[in-house]
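The values are calculated or read from the model by the stated rules, or taken from the named source; none is laboratory data. Model, not experiment: these values are computed from the prediction. Methodologically, a virtual Cβ is constructed for each residue, glycine included, from the backbone with ideal geometry; neighbour enumeration extends over all protein chains shown.
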Amino acid sequence: MPSAIRIRDLGVAPGFLPPGVNNAITDVPGVSVGHITLKDGGICTGATAILHCPPDDLWLKARFGGSHVLNGYGQVIGRDWLQESGLVNGPILLTSYFGVGALVQGLNAICPDTAAHGYTHHVVGETWDGWLSDPMSGAILPEHAAQVIQAAKRGPVEEGCVGGGTGMCTYDFKSGIGTSSRQIEVAGQAYTLGVLAQSNFGDRRNLVVDGIHLGREISHKMVPIPERKRVLPGEDGSIVIIIATDAPLLPQQCNALSRRAVLGLGRTGAMANSGSGDFAIAFSTGNIIDVLSEEPSVGISSIPARKMDPLFHAAVEATEEAILNSLCTAETTTGFEGRTVYALPHDHILNAVAKRQN
């Protein structure tokens, strides 16, 4: 995996909490991430998988989870059952709007047995990549569901123009997948919280980098704004934010945690316009629920409700940094019909940071 330039490499360290060893969602024990990237001429798309445990246990060992919608112009398949049951079992997949159906079909084919099907509603989130990728190509296929799960691994996470983020654009710059993590202490215990974002939203003039209104300083003449902005002025794209932590949380605590993601989103300048879908899912690996058990669950643990603040702070910081990483690690991309979306120039960030320090 080539070494990509991340926001911390440019002198920007959002917040004050320390990151994990890889500064990625995979710093949370047991969490892994995989990508399938499809890039060939007019095809510029893919899929990303977030697994809460090893693949063998994905379907029958659930985790507590929750979610939040800031603006609903988009979709996360399976979110209704997540809210009803408070459980995440199976993988969380992220892809293009045009790939959701195929991935759900693929997940149906590999969900292991009839009983599991009765307790599983697949979670697949999307953002729209129809500017850089041919929307009628049918590039995402059912078999990609199994492939992206098999590709999941621990350790460093590839970011930018990969997986579900391959064709995405944020603040009128090329973006994609970004991730970050924080180490925290709650009630005397050490925990990790990680975020992964598939980012595809925003107007350039609103871009804020660690409090610096950077977007205002980069004109169309410096870095061309995608023609999409003129052709589809009301289509702002979307973002799906996934939060994972090993702190033991109950479903309502996961709901509360997911709501804090939008504060990190706002710190980058987001306005949640009517043409944007802004979704967050949070899950905790701190408890394991046997999906098929007919016995009462015992030994369930959770941190005290009044001790949630460190997790809230971590979610805000890691969400902000994940979005900035999705921008910094992305490369200028030419896709469908020769359309080009340009990367955020690193020198503009370096100059802004140097100016602030002086």
Problem set entry | Yes/no for Thr26 being in a strand (DSSP E or B), buried (at least 23 other Cβ atoms within 10 Å of the Cβ), at negative phi and of a type outside the set (D, E, K, R) | no
For this session: Output the residue which, of all residues in the range 243-253 that are within 18 Å of Ser180 (Cα to Cα) and buried (at least 23 other Cβ atoms within 10 Å of the Cβ), is farthest from the chain's Cα centre (by Cα).
Result: Ala247
For this session: Restrict the check to the range 48-59 and report whether at least one residue is hydroxyl-bearing (Ser, Thr, Tyr) and at pLDDT below 95.
Result: no
Exercise. Of all residues in the range 101-134, which are in contact with an Asp or Glu (Cβ under 9 Å, 6 or more places away or on another chain), among the hydrophobic types (A, V, I, L, M, F, W, C) and surrounded by fewer than 20 Cβ atoms within 10 Å (Cβ to Cβ)?
Worked result: Ala109
Seminar exercise, completed: For Ile225, the lone unmet condition from (1) in contact with a helix residue (DSSP H, G or I) (Cβ under 7 Å, 6 or more places away or on another chain); (2) over 25 Å from Ala352 (Cβ atoms); (3) β-branched (Val, Ile, Thr) is (2)
Exercise. With (1) in contact with a strand residue (DSSP E or B) (Cβ under 8 Å, 6 or more places away or on another chain); (2) buried (at least 22 other Cβ atoms within 10 Å of the Cβ) as the list, and Trp59 as the residue in question, which single condition is left unmet?
Worked result: (1)
For this session: Go through the residues of the range 148-159 one by one and say whether even a single one is without any contact (Cβ under 8 Å) to a residue 12 or more places away in the chain and either outside any loop (DSSP other than H, G, I, E, B) or more than 26 Å from Pro224 (Cβ to Cβ) (or both).
Result: no
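Evaluate the following for Asn200: is it surrounded by fewer than 21 Cβ atoms within 10 Å (Cβ to Cβ) and touching a residue at least 24 places away in the same chain (Cβ under 8 Å)?
Numbers: surrounded by fewer than 21 Cβ atoms within 10 Å (Cβ to Cβ): no; touching a residue at least 24 places away in the same chain (Cβ under 8 Å): yes.
No; evaluated as a whole, the condition is false for this residue.
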Exercise. Within the range 318-337, how many residues are crowded, with 24+ Cβ neighbours inside 10 Å and among the charged types (D, E, K, R)?
Worked result: 2
Seminar exercise, completed: Cβ pairs under 9 Å, 6+ apart or interchain, first in the range 173-186 and surrounded by 24 or more Cβ atoms within 10 Å (Cβ to Cβ) and in a strand (DSSP E or B), second modelled with pLDDT under 95 and among the charged types (D, E, K, R), ordered by first then second residue, are Phe173/Arg204
Seminar exercise, completed: The number of residues in the range 29-62 that are in contact with a helix residue (DSSP H, G or I) (Cβ under 9 Å, 6 or more places away or on another chain) and outside any loop (DSSP other than H, G, I, E, B) is 18
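Somewhere in the range 18-34, is a residue modelled with pLDDT of 95 or more, of a type outside the set (S, T, N, Q), touching a Ser or Thr at 6+ places or on another chain (Cβ under 9 Å) and farther than 25 Å from His313 by Cα? Walk me through how you get there before you give the answer.
Going through the range 18-34, the residues modelled with pLDDT of 95 or more turn out to be 18-34.
Within this subset, residues satisfying the condition of being of a type outside the set (S, T, N, Q) are 18-21, 24-25, 27-31, 33-34.
Right, trim to touching a Ser or Thr at 6+ places or on another chain (Cβ under 9 Å) and you get 19-21, 24-25, 27-31, 33-34.
Those left that are additionally farther than 25 Å from His313 by Cα: 34.
Looking for residues that are modelled with pLDDT of 95 or more, of a type outside the set (S, T, N, Q), touching a Ser or Thr at 6+ places or on another chain (Cβ under 9 Å) and farther than 25 Å from His313 by Cα, one finds at least one in the range 18-34, hence yes.
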For this session: Return the residue satisfying two criteria in turn: it lies in the range 207-221 and is in contact with a Gly (Cβ under 7 Å, 6 or more places away or on another chain) and buried (at least 19 other Cβ atoms within 10 Å of the Cβ), and of such residues it is farthest from Val162 (Cα to Cα).
Result: Gly215
Seminar exercise, completed: Only unsatisfied item for His68, checking (1) in a loop (DSSP other than H, G, I, E, B); (2) surrounded by fewer than 24 Cβ atoms within 10 Å (Cβ to Cβ), is (1)
Seminar exercise, completed: So, first residue without any contact (Cβ under 8 Å) to a residue 60 or more places away in the chain in the range 237-255, second residue crowded, with 23+ Cβ neighbours inside 10 Å, Cβ within less than 7 Å, six or more apart or across chains; the pairs are Pro248/Ser284
For this session: Just name the residue that is nearest to the chain's Cα centre (by Cα) out of those in the range 6-25 that are within 15 Å of Ala352 (Cβ to Cβ) and of a type in the set (A, V, I, L, M).
Result: Ile7
Exercise. For Gly15, which of the numbered conditions (1) modelled with pLDDT under 95; (2) of a type outside the set (S, T, N, Q); (3) out of contact with any Gly (no Cβ under 8 Å at 6 or more places or on another chain); (4) part of a loop (DSSP other than H, G, I, E, B) fails to hold?
Worked result: (1)
Exercise. Are there any pairs with C-beta distances below 9 angstrom linking a residue in the range 44-60 that is under 20 Å from Ala102 (Cα atoms) and in contact (Cβ under 8 Å) with a residue 60 or more places away in the chain to a residue that is surrounded by 24 or more Cβ atoms within 10 Å (Cβ to Cβ) and acidic (Asp, Glu), with the two at least 6 apart or on different chains, and if so which?
Worked result: Cys44/Asp129; Thr45/Asp129; Gly46/Asp129
Exercise. In this structure, is Phe312 within 23 Å of Ser181 (Cβ to Cβ) and assigned to a strand (DSSP E or B)?
Worked result: no
